[in-house]
Amino acid sequence: PMAKNVTLLVLRTKVQFQGDFENSSVFTPARIDVMINEAVEEFWDLLLDTRPESLLKTAAAVTVSGSDSVAFPTDLYRLRLVEILVGTDYFPLTPHSVSEAWRYQRGPADGRRFTYRVEPGALTPFAPGIRLAPTPAAVHTLRLKYYPPATDLVLDADTLDSVNGFDSLVVARVIAKLKGGREGTDSSWWDAE
């Protein structure tokens with residue numbers, strides 16, 4: 001599908017005009033931009049729930065012999081699938097929970113028998129990744145399929161792909177939050193919108 005890009009400047013202008021914030025000393029452009037980025041994150045989660053395949057990214061990773069940890073790509077938001085290369089074909093790995101990890105401590109060298117779990121501190125306390133079971137005794141190539149996070153709009157020219165005019169959801173969400181939060185006015189129309 002073709003992108004339907006809208007800039008931060010256009011989003012901000014729509015919020016200011018439709019919300020009656022054009023000359024507001026409280027709702028400055030900087031404050032509105034923060035709210036826009038929060039609404040974009042909510043919009044992004046909606047897209048991931050309704051159109052996930054169009055946002056999927058792929059990254060390669062390599063195991064280290066004797067280590068059960070593999071780092072995530074730096075732009076990973078949600079993991080979709082972990083595959084392992086066996087010969088010339090990729091095979092999906094099965095996730096396991098922490099309580100099931102003991103079942104997979106030992107196993108044959110065939111990569112298709114590996115399982116994994118997502119762990120917040122797989123490499124260091126602040127470096128999320130996956131833990132494989134059993135621990136690889138050789139180097140294996142993995143393919144990670146994942147969704148990146150929403151990109152913050154910082155500059156006026158930064159764009160959001162509003163897909164099919166869904167930027168109106170972002171605008172309505174920002175106005176509802178601003179009117180219902182700080183102003184304390186009735187935001188029910190914008191909530192419904």
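Which is under 25 Å from residue 4 (Cβ atoms), of a type in the set (Val, Ile, Thr) and at pLDDT 75 or above, of 139, 174, 118? Please lay out each step first, then the result.
Numbers: 139 fails: under 25 Å from residue 4 (Cβ atoms); 118 fails: under 25 Å from residue 4 (Cβ atoms).
Only one candidate qualifies: 174.
Find the residue count for the stretch 21-54, including only residues that are open to solvent by 70 Å² or more (accessible area, probe 1.4 Å) and at pLDDT below 90.
9
Could you tell me which numbered condition residue 84 fails, if it satisfies all but one of (1) at pLDDT 65 or above; (2) touching a helix residue (DSSP H, G or I) at 6+ places or on another chain (Cβ under 6 Å); (3) closer than 30 Å to residue 9 by Cα?
Checking residue 84 against (1) at pLDDT 65 or above; (2) touching a helix residue (DSSP H, G or I) at 6+ places or on another chain (Cβ under 6 Å); (3) closer than 30 Å to residue 9 by Cα, the one that fails is (3).
Go through the stretch 1-85 and tell me which strands (runs of 3 or more DSSP E), entirely inside it, have 2 or more residues that are within 17 Å of the chain's Cα centre (by Cα).
By residue number, 57-62.
Pull out all pairs, ordered by first then second residue, where Cβ-Cβ is under 6 Å, the residues are six or more apart or on different chains, the first lies in the stretch 62-79 and is under 13 Å from residue 116 (Cβ atoms), and the second is of a type in the set (Gly, Ala, Ser) and at pLDDT below 85.
Close Cβ pairs (under 6 Å, with a partner that is of a type in the set (Gly, Ala, Ser) and at pLDDT below 85) amount to 69/122.
Pairs only if they're at least six apart or on different chains, beta carbon under 6 angstrom, first in the stretch 22-50 and closer than 17 Å to residue 167 by Cβ, second part of a loop (DSSP other than H, G, I, E, B) and open to solvent by 70 Å² or more (accessible area, probe 1.4 Å); list them, first residue then second.
What qualifies is 37/152.
The values are calculated or read from the model by the stated rules, or taken from the named source; none is laboratory data. The structure displayed is predicted, hence computed values, not measured ones. Cβ atoms come from the backbone with ideal geometry, glycine included; neighbour counts cover every protein chain shown. The area values use the complete protein model at the heavy-atom level, side chains included, leaving out ligands, DNA and RNA. Shrake-Rupley method; radii C 1.70, N 1.55, O 1.52, S 1.80 Å.
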